[in-house]
Amino acid sequence: MSFFERLRGRKRSADSAKERLQLVLVHDRTDITPAVLEALKDDLLTTISRHVEIDPAAVHIALERDGRAQRLIADIPLRSVSRRRSG
Amino acid sequence: MSTVLTIGSGKGGVGKTTAVANLAVALAAAGEKVVCIDGDIGLRNLDVIMGLENRIVYDLVDVVEGRCRLRQAMIRDKHLPELYLIPAAQTRDKSAVSPSDMVRLCDELRGEYDWILIDSPAGIERGFKNAIAPADRVVVVTNPEVSAVRDADRVIGILEAEEKDTPSLVINRLNPAMVKRHDMLSADDVVDLLAVKVIGIVPEDDDVIVAANRGTPVALDPKSRAGQAFRNIAQRLKGVDVPFMALDDQGNLWQRLFAGRK
């Protein structure tokens, strides 16, 4: 990387490599493509919505690495009952 | 006790054959009895890297198909009397040998030799399956580059699925100056991504190409940095706890003086 690129604050290439590889490896290892993850998220939302009220826009679902194992992490904020009543 | 050690990588060109030749000479120079087998049928190269290409009479496929005895296909090294090579066939393909052929062949060598090193071909197909079938241990060679790291991860995943012991990692051709300016993945980055134990870090070194030109593996050159790294890996394979060498110094005073002027 040149001095000028650094001045412009461009990310170092090794950092890009690591970030990209983190994503690629998780998908390679699980065979879960971003499209499959999206479909899984939709199904999950439908099922949960049947029981509790949630804000679909606030739901965050991601694959995370833990050593050589992978985890599916779902963060699903619940709508509070009091707010629902007042609203 | 003999150990069958297979060297694989997934991606081609990362330095598998170089690693096999150098670990073989380093182990043999340390007093071990070593046989290496070139598993890359159709694209043999371990013979030229070791400088033994003119001595080949029989090869791996000749042994498997019964045209010669195992002993007749073993070429003794020029420098080290306890080091042998079983070359690959050049005019056949990977299907000429099966995983059970490799297991049988290695069983015949076990007991008489301390180390049986197998040079796996690139890829994850038949040739690779042949190479890992008899393996007690596997070393995966990678480079600090996106494609090599990705392919190494695939290979590690396949070994896990085959219920082999977790392989150890050799990070080859690391360029310390590029790592320093954050334009190359560091050894720590690669280890963090692949989540396996590292057994060696080999710096990029012009001496490796010079050694290949001559057919004398770089581990025989006492002054080479890469040679030292391979000798250290050989010691670690034997169970000796060798500290990793510092890779951040920028060559000698002369190189340091002129490095800033480029």
Item checked: Compactness of the stretch B:31-181, expressed as Rg and Dmax over alpha-carbon positions, Å -> 16.3, 56
Notebook entry, point to check: When chain B is treated as a GNM, springs tying every alpha-carbon pair under 10 Å, which of B:47, B:183, B:151 comes out with the largest mean-square fluctuation?
Noted result: B:183
Next item on the list: For every other residue with a beta carbon closer than 12 angstrom to the beta carbon of residue A:23, add +1 if it is Lys or Arg and -1 if Asp or Glu, then tell me the sum.
Entry: +2
Check: Between residue B:110 and residue B:235, what is the spin-label point distance in nm, taking each point 7 Å from the Cα along the Cα→C-beta axis?
Finding: 3.0 nm
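Which whole-number percent gives the relative contact order of chain B, counting Cα pairs below 8 Å spaced six or more residues apart? Numbers along the way, then the final one.
Working: 517 pairs, mean separation 63.8, N = 262.
Once divided by the residue count of chain B, the mean separation gives 24 percent.
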Note to self: A 30 angstrom limit on the alpha carbon distance is what I want to check against. Which of A:18/B:11; A:18/B:33; B:33/B:180 exceed it?
What the structure shows: A:18/B:33; B:33/B:180
Checklist line | Full-extension gain in nm, residue B:136 to residue B:48, via 0.36 nm per residue minus C-alpha separation | finding: 29.0 nm
Next item on the list: Against the globular-protein guess of 2.2 N^0.38 Å, express the Cα radius of gyration of the protein assembly as shown as a ratio, rounded to two decimals.
Entry: 1.21
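Count the DSSP beta bridges whose two residues both fall in chain B, then state the antiparallel fraction as a percent rounded to the nearest 5. Display every interim value, and only then the final one.
On the way: 2 of 29 bridges.
The antiparallel fraction comes to roughly 5 percent.
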Item checked: Most mobile of B:78, B:94, B:129 in a GNM of chain B (Cα contacts under 10 Å) -> B:78
Next item on the list: Pairs of Cα atoms under 8 Å, at least six residues apart: use those to get the relative contact order of the stretch A:3-86, whole percent.
Entry: 22 percent
Next item on the list: Return the whole-Å distance between the Cα centroid of the stretch B:109-125 and the Cα centroid of the stretch A:15-52.
Entry: 39 Å
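Rule-based calculations on the coordinates, nothing more; no lab input. The structure displayed is predicted, hence computed values, not measured ones. Reconstructed Cβ throughout: ideal geometry from the backbone, glycine too, with neighbour counts over all protein chains shown.
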